[in-house]
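Participant: Handing you a structure now.
Bear in mind that the values in this text are calculations on the coordinates, not laboratory data. Just so we're clear, the structure is a prediction, and the values are computed from it rather than from any experiment. Here Cβ is always computed from backbone atoms with ideal geometry, including for glycine, and neighbour counts include all displayed protein chains.
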Amino acid sequence: MKEITLGIDIGGTNTVFGAVDHNGKCYFEGRIPTQEFKSFTEFVAKLKFVFDQEVAKLDFPYKFLGIGVGAPNGNFYTGTLDMAPNLPWRGKVEVAKEFNAQFDLPVWVTNDAKAAAIGEMMFGSAKGMSNFLVVTLGTGLGSGFVVNGNLIYGHDGFAGEFGHVIVTPDGRDCGCGRKGCLETYVSATGIKRTVYKFIADSIQPSSLRALSFDQLSADMITKAADAGDPIAIHAFDYTGRILGSKLADMVNIFSPEAIILFGGLAKAGDYIFKPVQEQMEADLMPIFKNKVKILPSVIHGSNAAVLGAAALAWKELGFTVK
Ligand SMILES: [Zn+2]
């Protein structure tokens, strides 16, 4: 009998889910559009419908043990989504209750970045580590802090908002309503803002000048850097140094063994890793120097978010990393 958990990643556009065993092997993956469902109950019913079709194709005996859900503003303590931006359901959404009612399985909920951190601990770059930080670099900047083998949730479930530490007082406007937060500089959106600032401030030639803000992607900035574009290279350096400096501050607080960078911007390789590492080392207190590794995630790929959500269920079911 194969024991599996269901990992569900609720995203602004699509919701992806998959059946994952405790070694991180994914047996199927399905997806439904998130925005089409006015009520959360209808959304869960559709997911269950697609899930049942996929499950029917499994050709071995299996048992589902639980469900892990990663979603923006997912709250581990309450099993709810609280005021999630970019999702069609308003107010407090009873995620754990609704999934439990339709699947009859235990359900755990957290935000997507915290799920990614548990995924790294069970299946990825943080295997065997007890103290580390995962930074997800997507549209925004998410994070999951693991201390003594446990994710930090804080008293209300929302701990670990590294993306909203302030780097520049009165700096760039942030979606959270404040100014100068880290994610306004260090994220796919942040580096785009930096590219446009550099374009405005300099007269250096750049292929990026011809693109509108909405056309530009982090991937295009990497390609431009590969082609030697000075604005693109400078933008990565600037972004990496801001992140490196703030990571040095975080090291002071909980002395991690490693910091793992996950998500689109992390795929830029040395363009981002080198300035992050250099600036972090430069800013670390002497007792911490040359001790903290900066690593890429090894579970990049289409099902990374699903693996993270499934890992949450495995962890809460009491499975430890082998
Ligand atoms: Zn903010």
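Participant: Taking every Cα atom in the range 54-149, find the radius of gyration and the maximum pairwise distance Dmax, and write them in Å.
Facilitator: 15.3, 41
Participant: Sort 26-35, 200-209 for me by packing, meaning the mean count of neighbouring Cβ atoms within 10 Å per residue, highest on top.
Facilitator: Descending mean neighbour count gives 26-35, 200-209.
Participant: Moving to a separate point now. Relative to the first principal axis of the alpha-carbon coordinates of the chain, what is the inclination of helix 188-201, with its axis defined by its Cα atoms, in degrees from 0 to 90 and to the nearest 10?
Facilitator: Relative to the chain, helix 188-201 is tipped by roughly 20 degrees.
Participant: Run the numbers on the chain and let me know its relative contact order in percent, using alpha-carbon pairs under 8 Å that are six or more apart. Walk me through the numbers before you get to the answer.
Facilitator: Numbers: 672 pairs, mean separation 67.6, N = 322.
That works out to 21 percent.
Participant: Rounding to the nearest 10 and keeping the result within 0 to 90°, find how far the Cα-based axis of helix 112-123 lies from the longest principal axis of the chain.
Facilitator: The two axes meet at around 80 degrees.
Participant: At a Cα cut-off below 17 Å, give the aspartates and glutamates reachable from Lys291, other chains included and same-chain residues fewer than 8 away excluded.
Facilitator: Asp249, Glu257, Glu278, Glu281, Asp283
Participant: Follow-up question, since we're still on this one. My understanding is that a pair violates if its Cα-Cα distance is over 24 Å; which of Lys57/Lys92; Lys38/Lys267; Lys197/Lys223 do that in this structure? Display every interim value, and only then the final one.
Facilitator: Numbers: Lys57/Lys92 35 Å; Lys38/Lys267 35 Å; Lys197/Lys223 19 Å.
Violating the 24 Å Cα-Cα cut-off are Lys57/Lys92; Lys38/Lys267.
Participant: Applying a 10 Å radius around every beta-carbon, put 283-293, 74-84 in order of their mean neighbour count, most first. Walk me through the numbers on the way to the answer.
Facilitator: Values: 283-293: 13.5, 74-84: 19.5.
Ranked from most to least packed, the peptides come out as 74-84, 283-293.
Participant: Check the straight Cα-Cα distances from Lys63 and name the lysines below 28 Å, setting aside those fewer than 8 residues away within the same chain.
Facilitator: Lys2, Lys25, Lys46, Lys48, Lys97, Lys114, Lys127, Lys315, Lys322
Participant: Compute the long axis of helix 270-283 from its Cα atoms, compare it with the longest principal axis of the Cα atoms of the chain, and write down the angle in degrees, 0 to 90, nearest 10.
Facilitator: Rounded to the nearest ten degrees, it is 70.
Participant: On a C-alpha basis, how far is the centre of the range 65-130 from the centre of the range 142-186 in Å? Whole number, if you could?
Facilitator: 18
Participant: Let me know the volume per residue of the alpha-carbon convex hull for the chain, in Å³. Write out the running numbers ahead of the final one.
Facilitator: Details: hull volume 45.4 nm³, N = 322.
Cα convex hull per residue, to the nearest whole number: 141 Å³.
Participant: A further question on this structure: Please list 106-115, 264-273, 62-71 highest first by mean number of surrounding beta-carbon atoms within 10 Å per residue. Numbers along the way, then the final one.
Facilitator: Numbers: 106-115: 26.3, 264-273: 19.6, 62-71: 21.5.
Highest-to-lowest ranking by the protection proxy: 106-115, 62-71, 264-273.
Participant: Looking only at the chain, where both bridge partners belong to it, what percent of the DSSP beta bridges are antiparallel (to the nearest 5)? Mind showing how you got there, number by number?
Facilitator: Numbers: 27 of 48 bridges.
Around 55 percent antiparallel, to the nearest 5.
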